[in-house]
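Working notes, structure below.
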Amino acid sequence: MRRRDFTIGLLLAAAGRTVRALEPAKQHRIAIVEVSSVASIDDPGSRLWQPFWKELHRLGDAEGQNLAVERYSVEGRPESDVDLAREVVNRNPEVIVAVTDHIARAVQAAAGTTPIVWIGGDPIEAGLATSLARPGGKITGVDVYAGDEIWGKLLQILKETTPAASKVAFLAMRGSWEGGQRQALQGASQRLQISLTPMLIEESTPPEYQRVFADIAREQSDAIIVHARGELLRSRELIVELVEKSRLPAIYPWREYVEAGGLMAYASDFRELGRRMADDLHEILNGANPGDIPIYLPTKYELVINLNAAKAIGLTVPPSLLATAFEVIE
């Protein structure tokens, strides 16, 4: 009798395990807010998102299985970042992935206690985190630059490209000039014997860009360096067009400017950053507090040069610089 009871118990236990195995995995709801088009999130050629999805899959997270993903884009929307952030938060996702500082700030203001994984510039300067080691609050993510000294590196590359340049315009939003990159750029400009002139944008609108480029022409600048702010990235096609009209060499902090026709960019490897964003998201979905996850700093940078853009302004890029480039577009 006891043997029979024992056998029945084993069968019932096995049946229970089978039922549990057939139960669908818990589905986590996440939202992704991009600065460019929604299509870029699923672009198999994206240097940010393709590694992001691949790393999530490696970790056991897959859309349609344990992930439900909602996609949003700032591009083409007449409403403000604040309105879009409220729309996203009202959908009650478990985690929000925010691209660029200005989107992250809008989401952070609207999100309350919703965890955020962000990618952008200096999070402390942007007011998103209290420190890199322990961001605090409900946000963590990836800083696209390993420190303010990167601005000196961009200026050095620009000087190698145009050795005769003595006056360089720094195109930035007004609030960006007061951060640590100001000291880094001024120190580098002194070492390279370059006069650096801040050309500050009050608001990211076509008339404002045209005004600033008219100032650049009046200052008779020899070259241009562009800041990394998301507002500028969103207007990259207009910026590249105005740079082309000025016939000045320019260096950018994002590869997307070169893809829009710009001369060159020195930027972090987005494949590395995409994988790290996926790691952060996975940790949060499994119970980690985002404020305790250190903000990741990149370890690899890539120089991309567009020889077509160089040819258009009559510029010969030094062979030594071409030899160090990660990619040369011809």
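Here are the numbers for this structure:
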read-out	value
Checking Thr140 against (1) in contact with a Pro (Cβ under 7 Å, 6 or more places away or on another chain); (2) assigned to a loop (DSSP other than H, G, I, E, B); (3) of a type outside the set (Lys, Arg); (4) surrounded by 19 or more Cβ atoms within 10 Å (Cβ to Cβ), the condition it does not meet	(2)
Enumeration of residues in region 311-330 that are hydrophobic (A, V, I, L, M, F, W, C) and in contact with a strand residue (DSSP E or B) (Cβ under 8 Å, 6 or more places away or on another chain)	Val317, Leu321, Leu322, Ala325, Phe326, Val328, Ile329
Residue in region 275-286 that is out of contact with any His (no Cβ under 9 Å at 6 or more places or on another chain) and either modelled with pLDDT under 95 or closer than 19 Å to Leu185 by Cα (or both) present	no
Residue that is modelled with the lowest pLDDT, among those in region 152-183 that are in contact with a Pro (Cβ under 9 Å, 6 or more places away or on another chain) and hydrophobic (A, V, I, L, M, F, W, C)	Trp177
Positions within region 145-161 being surrounded by fewer than 17 Cβ atoms within 10 Å (Cβ to Cβ) and over 23 Å from the mean Cα position of the chain (by Cα), in sequence order	Glu160
All positions within region 278-330 that are free of Cβ contacts under 8 Å to residues at least 12 places away in the same chain, in a helix (DSSP H, G or I) and among the small types (Gly, Ala, Ser)	Ala323
Tally of residues being in contact (Cβ under 8 Å) with a residue 40 or more places away in the chain and either within 17 Å of Leu238 (Cβ to Cβ) or more than 26 Å from the chain's Cα centre (by Cα) (or both) across region 189-214	1
Criterion (of a type in the set (Lys, Arg), touching a Ser or Thr at 6+ places or on another chain (Cβ under 7 Å) and either in the same structural domain as Arg229 (by TED's automatic domain parsing) or touching a residue at least 12 places away in the same chain (Cβ under 8 Å) (or both)) met by exactly one of Lys159, Lys153, Lys138	Lys138
Residues (surrounded by 18 or more Cβ atoms within 10 Å (Cβ to Cβ) and in a loop (DSSP other than H, G, I, E, B)) located in region 163-175	Ala165
Cβ-Cβ under 6 Å pairs, at least 6 apart or on other chains, region 38-67 side assigned by TED's automatic domain parsing to the domain that holds Val99, far side in a loop (DSSP other than H, G, I, E, B) and modelled with pLDDT of 95 or more	Leu67/Asp61
Of the criteria (1) more than 20 Å from Pro253 (Cβ to Cβ); (2) in contact with a Phe, Trp or Tyr (Cβ under 9 Å, 6 or more places away or on another chain), which one Ile225 fails	(1)
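The values are calculated or read from the model by the stated rules, or taken from the named source; none is laboratory data. Owing to the predicted nature of the structure, the values given are computational and were not obtained by experimental measurement. For neighbour counting, all protein chains shown are included, and Cβ atoms are generated from backbone atoms with ideal geometry for every residue, glycine included.
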